[in-house]
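Below is one structure; the comments refer to it alone.
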Amino acid sequence: MQMSKLHLKDNPTLKDIQQYVAEMEIERGFTSVTVLETCLLLIEEMGELAKCVRKSSHTSMRVDSAKQYQENAAEEIADIILVLTSIANRLDVDLETALREKEEVNKLRVWE
């Protein structure tokens, strides 16, 4: 098994993260995965995060007590960022530009 040569910069920008994910997908052989399959993976990861949140929220729902939910939530959030970034890359979306443009729209909205 070969060690990864990838390195994510300290204090990465969104552009740095997008570049890292593009290189990661090449290194790990994920480039043939379709954007649809990647979207399905995103939904799966979001479900795993939802389970962590549910288990840590002390609801009346029954849960097992064997896992560290806060640690798992951090991992699931990281997975979501990686998969979402992969989708952005596949759709040629610049995350920083998209975020800035969308937030300008949101600033004009009335929140009730």
- Single match in E71, E37, E48 (criterion: surrounded by fewer than 14 Cβ atoms within 10 Å (Cβ to Cβ), at pLDDT below 95 and within 27 Å of L6 (Cβ to Cβ)): E71
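Could you say which residue among S32, S57 is of a type in the set (G, A, S), at pLDDT below 90 and farther than 14 Å from L84 by Cα?
S57
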- Query: When K9 is evaluated against the numbered criteria (1) under 18 Å from D94 (Cβ atoms); (2) in contact (Cβ under 8 Å) with a residue 24 or more places away in the chain; (3) not polar (S, T, N, Q), which criterion, by number, is the only one it fails?
  - Reply: (2)
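The values are calculated or read from the model by the stated rules, or taken from the named source; none is laboratory data. The model shown is predicted, which means the values in this text are computed figures rather than measured ones. Here Cβ is always computed from backbone atoms with ideal geometry, including for glycine, and neighbour counts include all displayed protein chains.
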